[in-house]
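Scroll down for the structure; my scribbles are underneath it.
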Amino acid sequence: MQPVKFSLNHMVAPSMTAFELLDAAKSLGLKAVELRNDVQQNSVTELENARAIGARAQELDIEILSINALYPFNIWNEERAEAAEKLAQLASACGAKGLVMCPLNDASYCATAEEKSAGLREALAGIKPILEKYNLKGFVEPLGFPISSLRLKQQAVAAIKELNAEDRFGLVHDTFHHQGAGETEFFPQNTGLVHISGVEDPAISFDDMLDAHRVLVGPKDRLGNVGQIRALLEGGYTGYISFEPFSSEITELAEPMVALEQSIRYISQRLDAA
């Protein structure tokens, strides 16, 4: 089994600047981070700032995996094309490998399965030349919420294959969304990024799980994170496993790196014990 390569999504500590996040990753001995465009004043939104972040990452020998996220990527129109171009420019400026793409998650959206499928293919076809222009990967992240317009990785894989674009697109396997969607199939060969978070609240059903319930992975985790990670690694996944909690219980911690170290230790020990 591959050794685990952990990384930090900026959501672990959104109150940090991107530079502080890089320093935090370095202090934990990690080699990669994911940046975001939705962490208020610490978002990556300007080219000059993106270049400075990229230069600092190079100094520290830390890889920038992605900027998260283009949303809703599967509703393709002129506005989305402009947003994709801008995000690709930012990703390129900071030296990121790619950008995360999330589908529409809206209860009022009532398209048929055929319309959703056509929209997904149209969006991938529209984004592909933008990714090629900047030599980036597009990381498609199905969202497991019941109201999501793209819940299953299987659907994303089929659309990517139909476009013959496996070299340009990969999946985000998010352990929270994998469990929420009730998907049992793993696609390690198609996976470009893995996001992990835990849910511990015993009163919440998987259909009712929200981002606010997502904490770090520990002994009370209900999502089977360790099993999911093991399945991906045993299936040949060699990329990064990125911490992405959303709960204020984690994001507002005074010492988030202490909690992260504990989670890293817990996951590593459980994987070693198997």
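What follows is calculated from the coordinates using simple rules that are stated; it is not laboratory data. Just so it is clear, the model here is predicted, and its values are computed rather than measured. No Cβ is skipped: glycine too gets one built from the backbone with ideal geometry, and neighbour counts run over all protein chains shown.
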Cβ pairs under 8 Å, 6+ apart or interchain, first in segment 100-121 and over 16 Å from Val140 (Cα atoms), second in a loop (DSSP other than H, G, I, E, B) and not aliphatic (A, V, I, L, M), ordered by first then second residue, are Asp106/Pro72; Asp106/Ser149; Tyr109/Ser149; Ala111/Ser149
Surrounded by fewer than 21 Cβ atoms within 10 Å (Cβ to Cβ), of a type in the set (Ser, Thr, Tyr) and in contact with a Lys or Arg (Cβ under 9 Å, 6 or more places away or on another chain) - does that describe any residue in segment 35-58?
yes
Take Ile250 and decide whether it is in contact (Cβ under 8 Å) with a residue 12 or more places away in the chain, under 20 Å from Pro3 (Cα atoms) and in contact with a strand residue (DSSP E or B) (Cβ under 8 Å, 6 or more places away or on another chain).
no
Exactly one of Asp167, Asp201 is closer than 21 Å to Phe139 by Cα and part of a loop (DSSP other than H, G, I, E, B), and that one is Asp167
Would you confirm whether any residue within segment 210-222 is free of Cβ contacts under 8 Å to residues at least 60 places away in the same chain, touching a strand residue (DSSP E or B) at 6+ places or on another chain (Cβ under 8 Å), closer than 25 Å to Ala156 by Cα and surrounded by fewer than 22 Cβ atoms within 10 Å (Cβ to Cβ)?
no
So which residues in segment 18-32 are at negative phi and without any contact (Cβ under 8 Å) to a residue 12 or more places away in the chain?
Glu20
Within segment 140-152, identify whether any single residue is among the hydroxyl-bearing types (Ser, Thr, Tyr) and touching a helix residue (DSSP H, G or I) at 6+ places or on another chain (Cβ under 7 Å), and answer yes or no.
yes
So Glu261 passes all but one of these: (1) of a type in the set (D, E, K, R); (2) surrounded by 18 or more Cβ atoms within 10 Å (Cβ to Cβ); (3) in a helix (DSSP H, G or I). Which condition number does it fail?
(2)
Evaluation of Tyr237 against (1) free of Cβ contacts under 8 Å to residues at least 60 places away in the same chain; (2) surrounded by 22 or more Cβ atoms within 10 Å (Cβ to Cβ) (one fails), failing number
(1)
When segment 123-164 is examined, which residues are found to be outside any helix (DSSP H, G or I) and of a type in the set (A, V, I, L, M)?
Leu136, Val140, Leu143, Ile147, Leu150, Leu152, Leu163
Given Phe176, Phe186, Phe246, which one is within 15 Å of the chain's Cα centre (by Cα) and assigned to a loop (DSSP other than H, G, I, E, B)?
Phe246
